[in-house]
Each structure stands twice: as C-alpha cells, then as structure tokens.
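Asker: First the structure, which I've put down as structure tokens, then a few questions once you've had a look.
The values are calculated or read from the model by the stated rules, or taken from the named source; none is laboratory data. Note that the structure is predicted; figures quoted are calculated from it, not measured. All Cβ positions, glycine included, derive from the backbone under ideal geometry; neighbour counts span all protein chains shown.
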Amino acid sequence: MYQFPSCMKFPSFFLPIVVLLTQPTFAQTVGPDPLYTSRILKSGDTERLITIEVELQRRDLYLVVSSEGNGSHDWSNWIEPEIVMQDGASLDLTTLPWRAAFSTVGAIKQGKTYRGGPMTVAGKEYTRGLGTHADSFIWFEVPAGATTFRSKVALDDGGAIRGAELTPASVRFLVFDREPIGFARAPDKFNPKSRVPQSLPADQIAAPDDLEVTVWATSPMLYNPTNMDTDAEGRIWVAEGVNYRKNRNRRPEGDRIVVLEDKDKDGKADSSHVFVQDPELVAPLGVSVFGNQVVVAQPPHLIVYTDVDGDLKFDPEVDKRKNVLSGFNGRNHDHSLHAVVGGPDGKWYFNQGNCGAHLKTRDGDEYFVGGPYKGGEDPVADSQAIGGRKSSDGNVWVGGFAARMNPDGSEVRIIGHGFRNSYEHTVTSLGDVFQNDNDDPPACRTTWLMEGGFLGFFSPDGKRGWRADQRPGQSIQEAQWRQWDPGTLPAGDVYGGGSPTGICFYENGALPSRYSGMLLSCDAGRKVVFGYYPELEDSAYTLNRFDFVKSKGSNLFRPSDVMVGADGALYVADWFDSGVGGHADHDESWSGTIYRIAPRGFQPHIPPADPGTIEGAVRLLCNPAQNVRLAGLQSLKAAGSRSIPAVRKLLKNDNSYLRARAIWLLALLGPSGMEMVNSLMENSPDSQTRLVAFRALRNAGEDGSVLVSKIYREESSAAVRREAALALRDVPARRKHRYLSHLLQQCKEGDRTYLEACGLGAQGADTNLLWRTIKQGASIYDPTEWSEVVARIVWRLRPGEAIDELLMRARSTTLPLGKRLFAIETLAFYEDSRALTALLKVATIEGPVGGEAIRWLIHLGNTRWRKLKVFDFLKERGIYDPANVEIAEAVVPAPEGKSKLPSITAILALKGDVTRGKTAALRCVMCHRVEGQGVDYGPSLTGWINNQGEERFVQAVLDPSAEIALGYPGDRISLKEGKEIHGLTLSTNNPLIVQSQGGIVQVIPSSRIESIDPLGRSLMLSADQLGLSSQDVADLVTYFKTLK
C-alpha cells in the first residue's frame, strides 16, 4: 500500500489512501502458439516471396494460411516445401501424403494453384509446391528424425494481380506442431434453407483452460441476436434482427425485444417472452436496460420504453414510450445507431455509423454529422449536404460518431468522430472509452477513444473518403484512418479484415481476479472474441490482442455481442451463419445462441439489491454489469451527502475499478465529496487516481481551467496532462494560453496521443502566440535546428508565423531529406494562401523535394485548395501545364550478363582506402546523396553498411537486382508516343509523377501514358556499368563504413 509523505497536508476529515493499480498483463490465448507466423502478405507488396525455416520438435506439422482481408483473391502458395533430416538430407514434402487438408475455397493442389493453373509469383512459375486459398489447413506427419521445415511462401499472381489493378488479397502463413484452434477441418453441416433451429455445440468453442463455455439459451428462445443487455436480476434482454437488410419483410409484424431468464438458477435459461414487437423495429442494433427503462436503438430514433408496471412487457395503455433523441439515418443498415451504455459519470453513451445524422436536442442544440456516404432506408437527413456543416457547439463532426448525454436526453456532447461503423463501445469505471470499427476494407481496429478524437475515415471537412487522400506508399490501414495526418487519433490495434461487433470491459465478477481489466471485442467475420489488457504507456493505451474465445474450426460461429452479466459471468451472443457482410444473411432458420463463459461449475447468485436503500444502491454500484451499476449511482446521487460514509468505504476496496466508481460518485455528493476528490487529484501518489479525480471533478461541473491551474506545473503523468489539455478545448484563448504553452512544452517524441490532446486543447487559441512562447521557452532561433518534437508541434498547430520557417527547412540542403519532406507536408495542411506561395517556391527545387511539393500541389488543387486556383499558378510558373508538357526519355540500361569482377569474398579481402573511396563515391551521386552532394533518389548510404553489413553492400554494387531495397521498386512507363521512362512513381493519380536517375522529376498527364509496368530489375547501375574495379568497390566499402 502506498503511503503519503509525512509533510503532505489533508483536510480534517479522514481520507483513505486510494491507489488505482492496474492488473498485471495476462493473456492466455486459446490454442497452441505457432512455431512461425509470417507478416501479412498483401497484393502490392514489394517483397513477394518469403523464405521460412522452422525447427521441428514433434512429428506433427500443420501448415495454415489465414485470410487477413475480406476473404477474396487469397491464392496462397507453399513453394518448394521440404523437410531436413538429421543426416542433412532433404525430403520433398509434396511427396508425402497429408493426414488431413481443407480449404474454405476450392481444393488444395500439388504443384498447381487451387484452381489448377501454374503457381506463379512475380512472373516466375514454380512446379513444386502446394496451392491453396485462405483459409486453409494441411496436416502432415513427418518421418522420425526430421529436424527442420523449410519453404517459401507467397501470394500467387493469379490472386494478387488482376490486369493493372491490385486486389484485396491479404493472408498470413503459420506453422504449428500442435493442432491449431480456429481453422476448419471439414465443411460445416449447415442447411441454409432449414427452418429448424440450428446451433453450434459449446464444445466447439474454445476458451482459456480455467473457464468453461456452456449454452445458456438458444433458438427458438431467441432469433438472430444483434445485441443484448442484462438487468439487475440477471435476465438477458435481446434485440433481434430477423428482418435484417434484404430480408426486411421476413417477419411483417416487426422485430422484437425478448427477455430470457434462468428461473431455476441451473445455469441455463428456461423462460423466454416478448417485451415488445413492432413493425417499426427493423433489425435494431442496440438494447440497453436501466432499471425499468429499456432503450432501443432504432433509427431514426433512440427509443426509451418505460415499463411502468414492471411486468416486463410493453403495454402502450400502461407503459410509456418516448423518442429521447431523433434524426439518425441508417434504418435497416449496419452503419447506424447502436446500443447505449452507462458511464461511471452517470451519462448515457451512444454511437452512430457513417450514414449521417441531424440531431436537435431538448436543449435547443443542433448537430450536423455527415459525409460522402449514404445508406439505409428512409433517410431523415441529407448526409452529403450536411457534411462539413458546423454544429451548435462550433465544431464540424463527420462520419460515424460517439456521444454522451444525460439520461433525459439533455446536454448531448459528441466525444469522437470520423468512424466508419463503430458497432459498439464500452466505458470503463476509470472513464476510458474503447471501441471497435469497420466491417469491410481490411483495416478493422480496436481503439482507445480520446475525447474529441478524429479517426479519419472521411476527410475532416466531410467531403471526401479516405481513398481520395491516400498518399503514395501508404497502406490501406494507414490511409483509412489517416495515420500520417495531423489532427487524427492513433488508431490503436489495426488488425486487418473482419467484422467487429460487440465489445465490453471486464472489471469484477465471477472470473478469476487476473481477468480484471480485460477488454473483450467480438469479430463475427473472424469467428472470435479478442481479448486485450490495455496498458498505459505515456499518455495512451497499448492494445496487444489475443484470442480469448473462438470457434475451434466451424465457420458458423458469428459472435455479435459480448457482455458481463449481472451474475459476473461473461455472455456471448452468436448470430450463427455461414458468412457475414454483403448486406445479407444465409440462415433461413434465424438461429441464434447465447453462450456463458464462467469458471467450471459456476453457480449463478445475485444478491438482492434495493435501489431505495443506501446499502442496496451500493450493491448495485458494485455490480459487474455496466448498465446495472448506473441505477446504483443514480440512487446514491439522489441521497446526497447521506451516501458519503458508505461510498467512502469503497475507497478501501481491493478492486481498483470499484474504488474509481466511488471517486466519480463522491464528486457528485456536494461540497464534502468534492473536497475529498479535489484532495485526491492534488495529492494522491497514484497517477491513475489523480486522472479519475480530475475527470470526476470536470463531470461534476468544476471549471476546466481552474482544475488545470491546480496541477499543470507539477503533474508528472502524461496521461493526466493529456486530460488537462483536453479540458482546455472550450476555454477562451486568453485564459488557456499559459497552461497550454506549458503543456505543449511537455510533449515527448513518439507520443502522438499527447500531441493530439494539446492540438484539441488549442482549438480557438492564438497559435502564433503559442508558437512564440514555445520558441522563447526553448531558445529556438534557427529553423533548421528544430527538434523532432518542435517540428511535430508546428505540424499539429500550424501557426501562420511558422510558414516562412517551414520554407527555410524545405529549402535547406543541410537537413536530411526526411525533415525537408516533413516541412512540405506541414505546409500542405495549412489553410492559408501563404502556404501555397511557399509550396510553389519549393516546387522549383530539383529532385524529390520539388517532386513532393508538386505532388502535394496537384492533390490540393483538386481537393482542399480548389478555391486558391492552384493549377493556374502551376501553369503560370511553368511547373505544370498539361497542354505543354515536354517529356524526356529516361531509360536505365540492363546489365550485360554477370559481373566480370571477382567474388564478394575476394573483394572484401582487398585493403580499402577512405580517400580513394570518397573519390569513387562521386559516381554514386547521380542517385544518392553523399555528404551533402548528389540527389535523394536512392536509399541513404549513411549508416548503410553498419546496418546491413559489408557483404550485402558489395552484393548490391555487383548485382543491384539481386535484392532491391524496400520502397524502391522501379516502374517502366510507356508513353503513347513511343518514349519510355524508368523511375520511381511518386504518384499514380492524374497526372502521374515520376522521378528518374539524377533526381529528375517529370509530371505526365495520364492521357499520354500507354502503360505502367514493374521494371522487374533495379534502377541502379551495376559496378561494371559504372566502370568500377574490384579495388574501387573495396575502397567504397571502407569509405561508406565511416558514414554513420
């Protein structure tokens, strides 16, 4: 237990020491760990073929390929697989019979692709190997004495390339020596046309060894569960989606909210009845229970049913129905309104997908949330028309969003935006919001959502999707969430293709204590419930994913929701189908199942809790179920200061989350409670306690700038300072300048979350004044001497007074190329005509610096800077005029045969000379910058040998095409007029921008291009072509070793 320093003064009342310790990381993934896991192989990769070598300890060998995208085009090859025996002999694996093999698409074939054609990778055919389509599974029993498995793995050209276009192909190769979990061994026995309920037995679902999966309820007690919640008695309420998408008339009387109960407490539901059924309910995606209020997410409304008589059935003659909030698009669409969850602050949190919304609140506020996407039936708002329109709070909100409000619908506040389709989010007792998102392009994510955070699926102005702004070299994952752009929140765990659904956070309950602090996220596409133990690192959470619950092999397990029950067990709802997505379902039986995950032999017991008594309300506040806790908070808040003694006792609880719930509540219990929480914020030795106390005081109505004034100078925790910065967002500029400038000076290299919090806090601030204060505090006089942190601050704040300094950095030949390009990028994110003038000046610089400025100018001229008439300036200054472009041919000759120089060993045996090497290096400056001379075209040679080794350097000089540096694949651009250009394509949009030898950048209208093809060899001239002798090469080695 922590102790306060003896000198620390406290108020006269007794204040217990509160330390919110996090649980140690524990991740028990289901199934064995693989011996080998490849990176994700994608269409468009520079490195197409990967060589693997795995030591074998057992005779079982399992070769697995998993789909990491949307499951299409995943042609996968195990090329030249072989077993190495103890005596060193090699055995061709394709000559051995497999014990079992299965592919979800087509069949596994020897020496051919799964479709029966030749196996081809990067244009080269292979005759020996195994052709599959992900997901696939092959089991061999290898001979006794086998020591090693070797193979090459690759995506086949047939799946990775279609004409000139790349495909969604995305796979991972894995090798096991124990039977893996989660991969099918045989086709499922599934009849999509059957009307008889179907389900997956509990023993077909894997969970950690100390937990047990059992069936709690299944069809016909419920159908097609989209979402679920629990009440204080442990009943489970289910939202059904029988009328989902194309099947919207399958049940004309409407979808239902059903109530399931285990009356005899044997661990399985034995009662099911309908709470409400209504034609207006069309595949609602959320149901939430708060006492006698049942909240249903059914666009265009967020509906609250009040069960006045408590009979668990909605009777319009007795009970009440109210649309607490309206204006949501997305009726009968996945990207729409989702479930409400209760927070520790007493608020309701909800989220909406990117179909758009126009909300008018009971306070008279108006929110416009739009973008370039439309979806769902009977839209109530024109999403595209309102995209980019300011809301009453002065902000522009776009795409999917999350918000919180009081339970009566007042004080609606948006807390994050820029999502695609965040199916659900959860709020921990610490006040952290976690969400998942996306269900189509291969960039699904699980994210800690910072207040005000923007994720970037649409542009910040709501006018463009992410593809319109994708930069050269950006992966889909980076581009979809704009992870290279200022003003975006780090996306957390971006794991590829999938269909994320329900999410929850386990804090206390029936599971062993080591599970406390576990985040759970369903992915119906991947047939898994992921687990995370979020760990605070600087100001942000790291999210390391593991499989917590997953199908052992069946393709029918489709988890749609996960929750902590009122009894403390975990519950998972299974949609049950052979596939997800595509706006359809395939199961005509509408089947669904709820599984319970609990310790073996678990017997449910929920102590009675009367919210009318303080003791009962405290018991509700301590309940494991998120929404049940809210009733306890509301009752204790209503009791006011009478609740303080009982709530203070929770500050001594062993569970850190229960202690946090007490802190939130104390701040709402009048001056005495506020004084306690203030003391915790200012004096607790534990940063997590100080963080919760700060949040609780803000929620209780304390002035944000006053709170910040108390802590900003002495606070050591980046997470608490992050919250302080966020609290300044709506504070007037003159009042927040002192605090914000100090917080900005605490930025740390690599902590983008903290920088983004400061950027949000700077909204409405005088950024020029902030910039002058930061420069003065850091004694910054020369723009070329900015630290990385300072450059990032300018990138995020974009003060107008820094434009000329950025121009100096872009022009500086003493700065590394990366820093010059970053200055250009920063200029490109200004909304200021002076930035245009600066970029036009940079565009005249030869080489990649000028080329990058041109690329940005052309992109901006088509997007954010259209009103600035960029193309008129480009034409006027002779930078780019599509009608008068002169194109110079640039061809790199192919080497003639093998090198005539001696072997690598012989060259390295020669004694090199630094002075001669520096002279010989002058032949390299046509492609490389060497000690300030030359151009930035090829990779930097500074530190190259120290990182890669002498042998690889000599190999690259003798035969550049043997191994082409990552990021430097050459293209052959054939023009309609017959000319040919070899070089690095900087942008494939119209116009194409290409850089060739000597750093020459050319801008070519697409109308003049015949074709663009991979060059298939290096853009670098070999030693023989450059006229280098073996001694010259040895001298180069000696010289370049000195460049570190």
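Asker: Evaluate the following for S560: is it of a type in the set (S, T, N, Q), closer than 27 Å to A134 by Cα, in contact with an Asp or Glu (Cβ under 9 Å, 6 or more places away or on another chain) and surrounded by fewer than 24 Cβ atoms within 10 Å (Cβ to Cβ)? If you could, list the steps in order and put the result at the bottom.
Answerer: Values: of a type in the set (S, T, N, Q): yes; closer than 27 Å to A134 by Cα: yes; in contact with an Asp or Glu (Cβ under 9 Å, 6 or more places away or on another chain): yes; surrounded by fewer than 24 Cβ atoms within 10 Å (Cβ to Cβ): no.
In short, no.
Asker: Quick one: would you say A724 is surrounded by 20 or more Cβ atoms within 10 Å (Cβ to Cβ) and under 18 Å from G800 (Cα atoms)? Lay out the reasoning, then the answer.
Answerer: Working: surrounded by 20 or more Cβ atoms within 10 Å (Cβ to Cβ): yes; under 18 Å from G800 (Cα atoms): no.
When the stated conditions are applied, A724 does not pass them.
Asker: Moving on to the next point. With V196, V276, V282, V289 as the choices, which residue is farther than 16 Å from A573 by Cα, outside the structural domain of A339 (by TED's automatic domain parsing) and either hydrophobic (A, V, I, L, M, F, W, C) or touching a Pro at 6+ places or on another chain (Cβ under 9 Å) (or both)? First the steps, then the outcome.
Answerer: Details: V276 fails: outside the structural domain of A339 (by TED's automatic domain parsing); V282 fails: outside the structural domain of A339 (by TED's automatic domain parsing); V289 fails: outside the structural domain of A339 (by TED's automatic domain parsing).
Answer to the selection: V196.
Asker: Sort through Q948, Q997, Q1025, Q933 and tell me the only one that's more than 30 Å from R162 (Cα to Cα), modelled with pLDDT of 85 or more and not β-branched (V, I, T). Working first, answer last.
Answerer: Working: Q948 fails: modelled with pLDDT of 85 or more; Q997 fails: more than 30 Å from R162 (Cα to Cα); Q933 fails: modelled with pLDDT of 85 or more.
Checking each option against the conditions leaves just Q1025.
Asker: Moving to a separate point now. Can you pull out every residue in the stretch 406-438 that is of a type in the set (D, E) and more than 12 Å from the chain's Cα centre (by Cα)? Please lay out each step first, then the result.
Answerer: Residues of the stretch 406-438 of a type in the set (D, E): 408, 411, 424, 432, 437.
Listed by number, the residues that qualify are D408, E411, E424, D432.
Asker: Quick test for you: out of P197, P168, P118, P192, pick the one residue that is touching a Ser or Thr at 6+ places or on another chain (Cβ under 8 Å), without any contact (Cβ under 8 Å) to a residue 12 or more places away in the chain and either surrounded by fewer than 22 Cβ atoms within 10 Å (Cβ to Cβ) or of a type in the set (A, V, I, L, M, F, W, C) (or both). Give the derivation first.
Answerer: On the way: P197 fails: without any contact (Cβ under 8 Å) to a residue 12 or more places away in the chain; P168 fails: without any contact (Cβ under 8 Å) to a residue 12 or more places away in the chain; P192 fails: without any contact (Cβ under 8 Å) to a residue 12 or more places away in the chain.
Of P197, P168, P118, P192, the one residue that is touching a Ser or Thr at 6+ places or on another chain (Cβ under 8 Å), without any contact (Cβ under 8 Å) to a residue 12 or more places away in the chain and either surrounded by fewer than 22 Cβ atoms within 10 Å (Cβ to Cβ) or of a type in the set (A, V, I, L, M, F, W, C) (or both) is P118.
Asker: Mind checking which strands (runs of 3 or more DSSP E) fall wholly inside the stretch 199-318 and carry at least 1 residues that are modelled with pLDDT under 95 and closer than 27 Å to K347 by Cβ?
Answerer: Numbers: elements: 212-218, 225-230, 236-240, 255-261, 271-278, 286-290, 293-298, 301-306.
So the answer is none; nothing clears 1.
Asker: Condition test on R648, is it under 27 Å from S539 (Cβ atoms) and not acidic (D, E)? Break it down stepwise before answering.
Answerer: Values: under 27 Å from S539 (Cβ atoms): no; not acidic (D, E): yes.
Criteria not met by R648.
Asker: Are there any pairs, at least 6 apart or on different chains, whose C-beta atoms fall under 6 Å, with the first in the stretch 1024-1036 and over 18 Å from H928 (Cα atoms) and the second in a helix (DSSP H, G or I), and if so, which?
Answerer: Between residues of the stretch 1024-1036 that are over 18 Å from H928 (Cα atoms) and residues that are in a helix (DSSP H, G or I), the close pairs are S1030/I907; A1034/I907.
Asker: Given the structure, is I161 assigned by TED's automatic domain parsing to the domain that holds A100 and over 24 Å from H586 (Cβ atoms)? Let's see the steps before the verdict.
Answerer: Numbers: assigned by TED's automatic domain parsing to the domain that holds A100: yes; over 24 Å from H586 (Cβ atoms): yes.
Answer is yes for this residue.
Asker: Next question, about the same structure. Can you pull out the residues in the stretch 924-953 that are surrounded by fewer than 17 Cβ atoms within 10 Å (Cβ to Cβ) and within 23 Å of A909 (Cβ to Cβ)?
Answerer: The answer is N946, N947, Q948, G949, E951, R952.
Asker: Name the one entry in G159, G129 that is more than 27 Å from E55 (Cβ to Cβ), touching a Phe, Trp or Tyr at 6+ places or on another chain (Cβ under 7 Å) and either of a type in the set (F, W, Y) or buried (at least 19 other Cβ atoms within 10 Å of the Cβ) (or both).
Answerer: Details: G129 fails: more than 27 Å from E55 (Cβ to Cβ).
Every option except G159 fails the conditions.
Asker: If I go through the stretch 691-714 residue by residue, how many of them are farther than 16 Å from Q763 by Cβ and crowded, with 24+ Cβ neighbours inside 10 Å?
Answerer: Residues meeting the conditions: 7.
Asker: Those residues that are assigned to a strand (DSSP E or B), at pLDDT 95 or above and under 19 Å from D177 (Cα atoms), I need them from the stretch 137-154; list them, please.
Answerer: Filtering the stretch 137-154 for residues assigned to a strand (DSSP E or B) gives 137-141, 146-154.
Now drop any that are not at pLDDT 95 or above, which leaves 138-141, 146-154.
Residues satisfying the conditions are I138, W139, F140, E141, A146, T147, T148, F149, R150, S151, K152, V153.
Asker: Take residues that are of a type in the set (V, I, T) and buried (at least 24 other Cβ atoms within 10 Å of the Cβ) and tell me which of the strands (runs of 3 or more DSSP E) falling wholly in the stretch 484-526 contain 2 or more. Can you show your working first?
Answerer: On the way: elements: 493-496, 500-506, 518-523.
The strands (runs of 3 or more DSSP E) meeting that bar are 500-506.
Asker: Condition first: of a type in the set (F, W, Y), part of a strand (DSSP E or B) and either farther than 15 Å from D157 by Cβ or not assigned by TED's automatic domain parsing to the domain that holds A160 (or both). Now tell me which residues in the stretch 96-136 satisfy that. Outline the logic, then answer.
Answerer: Restricting attention to the stretch 96-136, the residues satisfying the condition of being of a type in the set (F, W, Y) are 98, 102, 114, 126.
When the remaining residues are screened for being part of a strand (DSSP E or B), the result is 102, 126.
If the condition is that a residue be of a type in the set (F, W, Y), part of a strand (DSSP E or B) and either farther than 15 Å from D157 by Cβ or not assigned by TED's automatic domain parsing to the domain that holds A160 (or both), then F102 is the only one that fits.
Asker: Test F546 against the stated conditions and say whether it is surrounded by fewer than 21 Cβ atoms within 10 Å (Cβ to Cβ), out of contact with any Cys (no Cβ under 6 Å at 6 or more places or on another chain) and among the aromatic types (F, W, Y).
Answerer: In short, yes.
Asker: Just one of (1) modelled with pLDDT of 95 or more; (2) in contact with a strand residue (DSSP E or B) (Cβ under 6 Å, 6 or more places away or on another chain) trips up D567, so point out which.
Answerer: Of everything listed in (1) modelled with pLDDT of 95 or more; (2) in contact with a strand residue (DSSP E or B) (Cβ under 6 Å, 6 or more places away or on another chain), D567 misses just condition (2).
Asker: Can you tell me which residues in the stretch 72-92 are under 29 Å from the mean Cα position of the chain (by Cα) and surrounded by 21 or more Cβ atoms within 10 Å (Cβ to Cβ)? Write out each step before concluding.
Answerer: The first filter runs over the stretch 72-92 and keeps only residues under 29 Å from the mean Cα position of the chain (by Cα), leaving 72-77.
Answer for the stretch 72-92, where residues must be under 29 Å from the mean Cα position of the chain (by Cα) and surrounded by 21 or more Cβ atoms within 10 Å (Cβ to Cβ): H73, D74, W75, S76, N77.
Asker: Can I ask one more? Which is over 28 Å from E852 (Cβ atoms) and small (G, A, S), of G917, G983?
Answerer: Numbers: G983 fails: over 28 Å from E852 (Cβ atoms).
Result: G917 is the single residue among G917, G983 that is over 28 Å from E852 (Cβ atoms) and small (G, A, S).
Asker: N224 fails exactly one of the following numbered conditions: (1) at positive phi; (2) crowded, with 21+ Cβ neighbours inside 10 Å; (3) without any contact (Cβ under 8 Å) to a residue 40 or more places away in the chain. What is the number of that condition?
Answerer: If we test N224 against (1) at positive phi; (2) crowded, with 21+ Cβ neighbours inside 10 Å; (3) without any contact (Cβ under 8 Å) to a residue 40 or more places away in the chain, just (3) comes out false.
Asker: Looking only at residues in the stretch 575-606 that are in contact with a Lys or Arg (Cβ under 6 Å, 6 or more places away or on another chain) and among the acidic types (D, E), which one is surrounded by the most Cβ atoms within 10 Å (Cβ to Cβ)?
Answerer: Of everything passing the filter in the stretch 575-606, D577 is surrounded by the most Cβ atoms within 10 Å (Cβ to Cβ).
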